[in-house]
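**Q** Got a structure for you, questions after.
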Amino acid sequence: MAAELHVELVAADRQVWSGEATLVVARTTSGDIGVMPGHQPLLGVLESGPVTIRTSEGGTVIAAVHGGFISFADNKLSLLAEIAELSEEIDVQHVQRELERAKAEGDAHAERRAEVRLRAATAS
Amino acid sequence: MGAQLRVYKRRIRSVTATKKITKAMEMIAASRVVKAMRKVSASTPYAQELTRAVTAVGTGSTTKHPLTTEAENPTRAAVLLLTSDRGLAGAFNSNAIKAAEQLTARLEGEGKQVDAYIVGRRGVAHYNFRERKVAESWTGFTDEPSYADAKTVAAPLIEAIQKDTADGGVDELHIVYTEFVSMMTQTATGSRLLPLRLEEVAEETAKKDEILPLYDFEPSAEDVLDALLPRYVESRIYNALLQSAASKHAATRRAMKSATDNAGELIDNLARLANAARQAEITQEISEIVGGASALADATAGSDK
């Protein structure tokens with residue numbers, strides 16, 4: 001059995017996903033970071049971006065994360081985000097509409113958020 | 001029907017209508033408590049992980065941060081008071097306000113100037129009526145607070161604490177809310193949120209024999225702490241908002257239950273009085289008839305002679 005780590009993806013108001021994984025890739029403020037089992041204890045600040053979790057069953061879970069933290073210790077990885085959505089929860093058409101609206105209004109923050117969600121939704 | 005009896009009947013009808021209303025409100029509140037409690041437990045994993053992370057950074061690095069270091073001479077403090085928008089919840093709001101006033105008095109006794117931040121229409125009304133200054137207030141979401149609401153509440157507070165005291169910033173942040181202990185018990189408590197006492201936070205979360213690992217910070221301990229502490233404050237405020245909402249619904253449920261019970265008792269008493277009035281009426285009618293008949297009999301007996 002391949003080594004695995006336990007992942008908890010939690011948003012402020014709910015637990016989004018939890019399970020075993022072999023690799024987690026997330027975007028921190030200083031660049032993308034990949035965490036595999038046995039990584040050194042780590043605490044980082046997340047950028048808004050997609051998080052890729054390769055589960056131990058061989059599947060891939062992709063989530064859009066907006067701000068938050070990644071912390072890893074004792075083979076337990078926690079991803080804390082204010083807002084986190086799994087790719088299958090994201091309604092592509094809805095996000096596209098949001099993106100257009102954000103562009104029209106010149107709201108860079110909302111635009112970035114919509115882009116991240118769109119990328120996460122289409123990546124899987 | 002006699003006048004007395006009619007009055008009783010009318011009162012019974014009106015109390016019955018009131019009882020129906022309070023009963024409905026009791027049931028609504030009961031279902032909302034359950035919902036609010038579920039929200040509290042749903043937010044727990046995030047709060048726990050966040051507290052762990054704060055403890056890890058705080059104990060694992062020697063970084064000094066405005067949000068964790070105590071001012072040598074604290075002169076201004078902010079008090080955030082959580083009340084509800086609507087009443088009908090027994091002593092819920094007055095308890096919270098009382099706790100806030102005690103805390104304010106204590107802080108002022110220590111020579112600090114107190115800025116009041118208030119959530120909930122009841123608290124705002126209380127302060128406005130007494131013409132006290134309110135630094136900022138929010139209303140309209142106390143029944144079902146969302147994380148976005150917690151963020152809007154936290155933003156000016158975090159800003160105030162990061163500012164220098166001379167420029168209108170504050171040195172301390174206290175929060176007064178109603179802690180949800182159980183369905184029957186809710187207590188108004190005041191506690192200091194900032195500056196953080198890391199030892200206390202560590203005690204709350206860490207199991208006794210757990211040693212926190214030495215973390216690698218990405219990008220650096222200062223940056224992580226910078227990003228972490230506002231989130232920590234938000235999450236604490238969110239948790240307090242949720243607990244306060246759950247407490248409010250529990251208090252409403254209890255108040256409405258006793259209102260329903262009282263209405264039932266009142267109906268019983270009124271029904272008894274109405275029965276007595278009806279009986280008195282019948283007795284009077286009978287005695288009137290008997291009296292009338294005997295007077296008539298006497299009169300005819302007299303005329304026969």
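Just so you know, all these numbers are worked out from the coordinates, no wet-lab data involved. Note that this is a predicted model, so its numbers are computed, not measured. Note that each Cβ is placed from the backbone with ideal geometry, even for glycine, and that neighbours are counted across all protein chains shown.
**Q** Would you calculate, for the protein assembly as shown, the mean residue ellipticity at 222 nm contributed by helices, counting each DSSP H stretch of 4 or more residues as -39,500 (n - 2.57) and dividing by all residues, to the nearest 500?
**A** Numbers: 8 runs with 223 residues, N = 429.
Per the formula, -18500 deg cm²/dmol.
**Q** Report the semi-axes of the equivalent ellipsoid for chain A in whole Å, largest first, where each axis is √(5λ) for an eigenvalue λ of the Cα gyration tensor. All intermediate terms of the calculation are to be shown ahead of the outcome.
**A** Details: eigenvalues 144, 45, 25 Å².
Listed largest to smallest, the semi-axes of chain A are 27, 15, 11 Å.
**Q** How compact and how long is the protein assembly as shown, expressed as Rg and Dmax of its alpha-carbon atoms in Å?
**A** 31.8, 128
**Q** Here is a follow-up. So how strong a dipole does the stretch B:134-187 carry about its Cα centre when Lys and Arg Cβ are +1 and Asp and Glu Cβ are -1, to the nearest 20 debye?
**A** On the way: 2 positive and 10 negative charges, 20 e Å.
The calculation lands at about 100 debye.
**Q** Among B:Phe92, B:Phe217, B:Phe141, determine the one that fluctuates most according to a GNM of chain B built with springs between C-alpha atoms less than 10 Å apart.
**A** B:Phe217
**Q** Follow-up question, since we're still on this one. Given Cβ point charges of +1 (Lys, Arg) and -1 (Asp, Glu) and nothing else, what value in debye, to the nearest 20, does the dipole of chain B about its Cα centre take? Write out the running numbers ahead of the final one.
**A** Numbers: 39 positive and 40 negative charges, 381 e Å.
Around 1820 debye, computed over chain B.
**Q** I would also like to ask the following. Within a Cβ distance under 12 Å of B:Gln113, other residues only, what is the Lys/Arg minus Asp/Glu net charge? If you can, show how the numbers build up before the last one.
**A** Details: positive: B:Arg76, B:Lys112, B:Lys133; negative: B:Glu108, B:Glu110, B:Asp115, B:Asp171, B:Glu172.
Within the 12 Å Cβ shell, the charges total -2.
**Q** Ok, one more. Restricting to bridges with both residues inside the protein assembly as shown, how much of the DSSP beta-bridge set is antiparallel, in percent to the nearest 5?
**A** Numbers: 46 of 70 bridges.
Looking only at bridges with both residues in the protein assembly as shown, the antiparallel portion is about 65 percent.
**Q** Tally Lys/Arg at +1 and Asp/Glu at -1 over every other residue whose Cβ is under 12 Å from the Cβ of B:Gln162; what's the total? The partial results should precede the final answer.
**A** Numbers: positive: B:Lys163; negative: B:Glu159, B:Asp164, B:Asp167, B:Asp171, B:Asp226.
Taking every Cβ under 12 Å from that of B:Gln162, the sum is -4.
**Q** With an 8 Å cut-off on Cα pairs and a minimum separation of 6 or more residues, tell me the relative contact order of the stretch A:5-87 in percent.
**A** Details: 221 pairs, mean separation 27.3, N = 83.
Once divided by the residue count of the stretch A:5-87, the mean separation gives 33 percent.
**Q** Once the principal axes of the Cα atoms of the stretch B:28-161 are found, what is the range along each, listed largest first in whole angstroms?
**A** Result, largest extent first: 50, 38, 21 Å.
**Q** Points 7 angstrom from Cα along the Cβ direction at B:Asp261 and B:Arg6: gap in nanometres?
**A** About 3.7 nm, to one decimal.
**Q** To continue, here is another question. Please report the antiparallel percentage of the DSSP beta bridges confined to chain B, to the nearest 5.
**A** Details: 8 of 23 bridges.
Taking every DSSP beta bridge with both residues in chain B, the antiparallel ones total about 35 percent.
**Q** Here's another thing I want to ask about it. Set the Förster radius R0 to 41 Å, insert the Cβ-Cβ distance between A:Asp32 and B:Asn128 as r into 1/(1 + (r/R0)^6), and round the FRET efficiency to 0.05. Walk me through the numbers before you get to the answer.
**A** Working: r = 52 Å, r/R0 = 1.26.
So the FRET efficiency works out to roughly 0.20.
**Q** How large is ³J(HN,Hα) for each residue in the stretch B:259-275, as worked out from phi by the Karplus curve 6.51 cos²θ - 1.76 cosθ + 1.60 (θ = phi - 60°), to whole Hz, x for Gly and Pro?
**A** With the stated coefficients, the stretch B:259-275 comes to 5, 5, 4, 4, 4, x, 4, 4, 4, 4, 4, 5, 4, 5, 4, 5, 4 Hz.
**Q** Using the Kirkwood radius over Cα pairs, work out the Stokes-Einstein diffusion coefficient for the stretch B:110-174 at 20 °C and 1.002 mPa s, in µm²/s as a whole number.
**A** On the way: Rh = 13.0 Å.
Estimated via Stokes-Einstein, D reaches 165 µm²/s.
**Q** Counting partner chain Cβ atoms within 10 Å of every residue's Cβ in B:218-229, what's the average? Don't jump to the answer; show the numbers that get you there.
**A** Values: counts 12, 6, 3, 1, 0, 4, 7, 2, 1, 7, 6, 0.
Partner Cβ neighbours, averaged per residue: 4.
**Q** Once the dipole of the protein assembly as shown is set up with Lys and Arg at +1 and Asp and Glu at -1 on Cβ about the Cα centre, which of B:Ala89, B:Pro45, B:Val134 lies farthest towards its positive end?
**A** Of the options given, the answer is B:Ala89.
**Q** Which whole-number percentage describes the relative contact order of chain B, with Cα contacts under 8 Å and a sequence gap of 6 or more?
**A** Working: 419 pairs, mean separation 98.9, N = 305.
Dividing the mean separation by the residue count of chain B yields 32 percent.
**Q** Taking the Cα-to-Cβ direction at A:Asp107 and at B:Val290 and moving 7 Å from each Cα, how far apart do the two end points lie in nm?
**A** In this crude spin-label approximation the distance works out to 8.6 nm.
**Q** Sort the stretch B:26-257 into rounded, prolate or oblate with this rule: let a ≥ b ≥ c be the square roots of the eigenvalues of the Cα gyration tensor; rounded if a/c is under 1.5, and if a/c is not under 1.5, prolate when a/b is larger than b/c, oblate otherwise. Don't skip to the answer; put the middle values down first.
**A** On the way: a/c = 2.12, a/b = 1.31, b/c = 1.62.
Because a/c hits 1.5 or more and a/b fails to exceed b/c, the stretch B:26-257 counts as oblate.
**Q** Given B:Val290, B:Ile175, B:Leu107, which one lies farthest toward the positive end of the charge dipole of chain B, if we put +1 on the Cβ of every Lys and Arg and -1 on the Cβ of every Asp and Glu?
**A** It is B:Val290.
**Q** Here is a follow-up. So, counting K/R as plus one and D/E as minus one, what does the shell of residues with Cβ under 14 Å around A:Ala21 add up to?
**A** Working: positive: A:Arg54, A:Lys76; negative: A:Glu4, A:Glu8, A:Glu20, A:Glu57.
For residues surrounding A:Ala21, the net value is -2.
**Q** Given the options B:Leu196, B:Pro230, B:Leu242, identify the residue whose Cα lies farthest towards the positive end of the charge dipole of chain B (+1 on Cβ of Lys, Arg; -1 on Cβ of Asp, Glu).
**A** It is B:Leu242.
**Q** Step through the table entries A:Lys103/B:Lys151; B:Lys133/B:Lys163; A:Lys76/B:Lys39; B:Lys19/B:Lys98; B:Lys39/B:Lys133; B:Lys19/B:Lys151, compare each Cα-Cα distance with 28 Å, and write down the pairs that go over it. Present the calculation step by step, with values, prior to reporting the outcome.
**A** Numbers: A:Lys103/B:Lys151 25 Å; B:Lys133/B:Lys163 20 Å; A:Lys76/B:Lys39 25 Å; B:Lys19/B:Lys98 30 Å; B:Lys39/B:Lys133 33 Å; B:Lys19/B:Lys151 40 Å.
Checking Cα-Cα distances, B:Lys19/B:Lys98; B:Lys39/B:Lys133; B:Lys19/B:Lys151 exceed 28 Å.
**Q** In peptide B:165-172, what is the residue-averaged number of other protein chain Cβ atoms found within 10 Å of each Cβ? If you can, show how the numbers build up before the last one.
**A** Working: counts 0, 0, 0, 0, 0, 0, 0, 0.
Neighbouring Cβ atoms belonging to other protein chains average 0 per residue here.
**Q** Given Cβ point charges of +1 (Lys, Arg) and -1 (Asp, Glu) and nothing else, what value in debye, to the nearest 20, does the dipole of the protein assembly as shown about its Cα centre take?
**A** 2300 debye
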